[in-house]
2 protein chains.
Amino acid sequence: MTDGAQTEKPTLRTLAQATGFAVATVSRALSGDPRIAAKTRAKVSEAAARLGYVPDRAARRLRTGRTQVITLLLHTEHEFLGFTHELLSGITEALDGTGYSVTVVPDSPGADRLAPVRTILRNNLADGLLFTRIETFDPRVRFLMEADFPFVSHGRTEFAAAHPWVDFDNEAFARAAVSHLVARGRRRLGLVLPGEKYTFTQHLRYGFLSAVREAGIDHQIVADVTLDSPHDEIAAALTAARRGPAPPDGYVCVGEVTALVALAVLADTGAVHGVDADIVAKRASPIFDDIRPRIASVREDLRATGHAMAEMLLRRMRGEPPEQLHRLFVPQPRFDVPGR
Amino acid sequence: MTDGAQTEKPTLRTLAQATGFAVATVSRALSGDPRIAAKTRAKVSEAAARLGYVPDRAARRLRTGRTQVITLLLHTEHEFLGFTHELLSGITEALDGTGYSVTVVPDSPGADRLAPVRTILRNNLADGLLFTRIETFDPRVRFLMEADFPFVSHGRTEFAAAHPWVDFDNEAFARAAVSHLVARGRRRLGLVLPGEKYTFTQHLRYGFLSAVREAGIDHQIVADVTLDSPHDEIAAALTAARRGPAPPDGYVCVGEVTALVALAVLADTGAVHGVDADIVAKRASPIFDDIRPRIASVREDLRATGHAMAEMLLRRMRGEPPEQLHRLFVPQPRFDVPGR
DNA sequence: TAGCGCTATTGAAACGTTATAAATCGGTGC
DNA sequence: GCACCGATTTATAACGTTTCAATAGCGCTA
């Protein structure tokens, strides 16, 4: 108890006493203020390192209003396999060592998607926001642009004003998928789309339709279900289509789940993958290499995506204008067909 | 500018002015202190609701030392499909409305697993901790018990002292898996285990071995690879075993990935699932229903797990003793074989 | 009516930081 | 010798909350 003071958590006052400078000087020295003499700065940093000083986040936050927190709105309804894991890993990786921490808040697409954003701004819970599943005129994007609050969206909008985004080129994916299937002689392609409101749905549809038209082949966009529908509903819709007069002989699948469902439907209706129909898919996880029969697929690297989003957000928070802040991940033109 | 005061973020002082009480009174009234007159409390709450008062987290944190943050250490190396997504969804769900937020910090099993924990305690970054992939004598558990810091582990340890945990009964799973395969006439079972250090590895091995011995059948624990090994290494090991003198006719798979790899190995070596061998698996995501051939599986409900972990942590943080705080999810005794 | 004991309220201090404005100091110019 | 200057440093206030110790009010008892 007598020497307890030694183990106390060091604060600016501790450093001030240790160096002989005033608290204010120490603070400014640590922040690298050029108006503090270089020698003083060196002394203070040395003492800080020696005593293991770490600034108190709460105090800094109270004083400056900055939280040192970045929040990810986590889409809860549906998951592309591994999406959350990979994206989060990329984000934490990029933020490692920056002093920022990542909090996760659920984004329930059924509920008001704006509500969590409002709460975060109102209660000052974060300095920046990341979110996914962007709508063409996403209310969150509109709100945040008006509030001039830093964010990066995973996906684009159709607003006129520029905002930071990272996206995967789903139009190119759809085109490539179609031409892959066409090259294999397929003449009637099926597609299950995500919900109508999402921007990437428009990109997928456009890419798919224009490629299909250019190739002069037939197509079918499966009605009444989306990627987020329960598996059995997707299966039912695909089964109905297979039993119809002109079943597709090729499928473009936007996620692993749809691909697996399509594969199951083929099997369950007595069709053989590679013979009666081919499937190509976009995947986030490496599991496709292990699926038999092998499915051709293109990988969306969500770890890299998360990394890029977090880095871009840091830049935006540092004040960079949004005009240059966007990045489109373009899929490899060739589909990986897992090796023999 | 003249009426700008109206839009200022309300603080305790605002409420004090609005109600005529002192700041201290308002604070205590809102915290429900019984020494404040009921009428006063009512008045204050009414004003708080009317003005939309929300306590400032930074200020509260600075004053009390409590962060209102719960941190999840996210195991980055390997993911059981959907694990992260489901677990996180369960956690955020349980914490919704409690005022706690969830931050995510990477837990790299290659690196020092204790390091992030040390940082969190030292810099007071959270009030409680959740983590997975528990080792038999997990250094994080030991450290946190010594520091008397609230946490809930996803998995048990072999320490004598009690600590809060949530776990899945992997021993029961292994037993059930074996008896399922035995009932189908299988006589030589293969198993791929997680890394040796993890507690659940011991549970799986014990359950597997004792069930196998009771049934008087043969077995093979695949050597040199773990669940976390690269897919191709697992595949190579399984393939080698299949080509050996006595290939297994049944596989117990602890995750989706292993199951898919095993299935692929069967296909690639010309064996037929359901004829030459059967696979049973533990799964976290619902995708198994879509795999063909159908694989019998038991589900570990990670959303419920996350929910239970977060709720338990809240109770622990409220001061409940650890002795009663644990919960074992026992698998359904029957394996789901996806319906026809 | 003075004093007591109780309830309800309050003033002030503190948590650790940063920003503003002011102070210190050696040297310069006149 | 005095006012002034630039370069450093410092005292102080403030961010919004909680809590300790003190105060005010008031009905009761002696």
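Since every read-out is calculated from the coordinates, none of them should be taken as a lab result. Fair warning: this is a prediction, and the values are worked out from it, not measured in the lab. Ideal geometry is used to build each Cβ from the backbone, glycine not excepted, and the neighbour counts take in all protein chains shown.
The mean of 1/r over all distinct Cα pairs in segment A:1-76, once inverted, gives the Kirkwood hydrodynamic radius of 14.1 Å.
Filter the chymotrypsin sites (Phe, Trp or Tyr not before Pro) in segment B:119-168 to those in DSSP coil with at most 16 other Cβ atoms within 10 Å of their Cβ, and list the result. Mind dumping the intermediate values first?
Details: sites: B:131, B:137, B:143, B:151, B:159, B:165, B:168; in loops: B:137, B:159.
Here the sparse-neighbourhood loop sites are B:137, B:159.
The distance separating the Cα centre of segment A:282-312 from that of segment A:115-161 comes to 25 Å. Structure remark: mean-square fluctuation, Gaussian network model of chain A, C-alpha springs under 10 Å; the largest value among A:153, A:101, A:27 belongs to A:27. FRET efficiency for the pair residue A:223 and residue A:179, taken as 1/(1 + (r/R0)^6) with r the Cβ-Cβ distance and R0 = 25 Å, rounds to 0.55.
Between the amide H of residue A:253 and those of A:280, A:281, A:282, distances stay under 5 Å, these residues lying 5 or more places away or on another chain, with hydrogens modeled in the peptide plane. Karplus-based coupling profile of segment A:33-46, in residue order and whole Hz: 4, x, 7, 8, 4, 4, 5, 4, 4, 4, 4, 5, 4, 4, with θ = phi - 60° in 6.51 cos²θ - 1.76 cosθ + 1.60 and x standing for Gly or Pro.
Applying a threshold of 31 Å to the alpha-carbon distances of A:197/B:9; A:9/A:39; A:9/B:39; A:197/B:282 flags A:197/B:9; A:9/B:39; A:197/B:282 as lying beyond it. Computed over chain B, the range of Cα coordinates on each principal axis works out to 87, 43, 34 Å, biggest value leading.
Could you list the square roots of 5 times each eigenvalue of the Cα gyration tensor of the protein assembly as shown, that is, the equivalent ellipsoid semi-axes, sorted largest first and rounded to whole Å?
Details: eigenvalues 457, 225, 112 Å².
In descending order the semi-axes read 48, 34, 24 Å.
For the protein assembly as shown, adding -39500 (n - 2.57) for each run of n ≥ 4 DSSP H residues and dividing by the number of residues yields -13000 deg cm²/dmol at 222 nm.
With only alpha-carbon pairs counted, each pair once and no self-pairs, how large is the Kirkwood hydrodynamic radius of segment B:170-299 in angstroms?
14.3
Across segment A:306-318, rounded Karplus estimates of 3J(HN,Hα) from the backbone phi angles (6.51 cos²θ - 1.76 cosθ + 1.60, θ = phi - 60°) give x, 4, 5, 4, 5, 5, 5, 5, 4, 5, 4, 5, 6 Hz, Gly and Pro being marked x.
In a DSSP loop and with at most 13 other Cβ atoms within 10 Å, the trypsin sites (Lys or Arg not before Pro) in segment B:1-88 are B:35.
Let me confirm one metric for peptide B:94-103, namely the mean number of other chain beta-carbon atoms within 10 Å of its residues' beta-carbons.
3
Only bridges whose two residues both fall in the protein assembly as shown count here: according to DSSP, what percent of them are antiparallel, nearest 5? Mind dumping the intermediate values first?
Values: 7 of 79 bridges.
Antiparallel: roughly 10 percent of the beta bridges in the protein assembly as shown.
Annotation: average projected area of segment B:105-239 is 9.5 square nanometres, based on the convex hull of Cα atoms across all directions.
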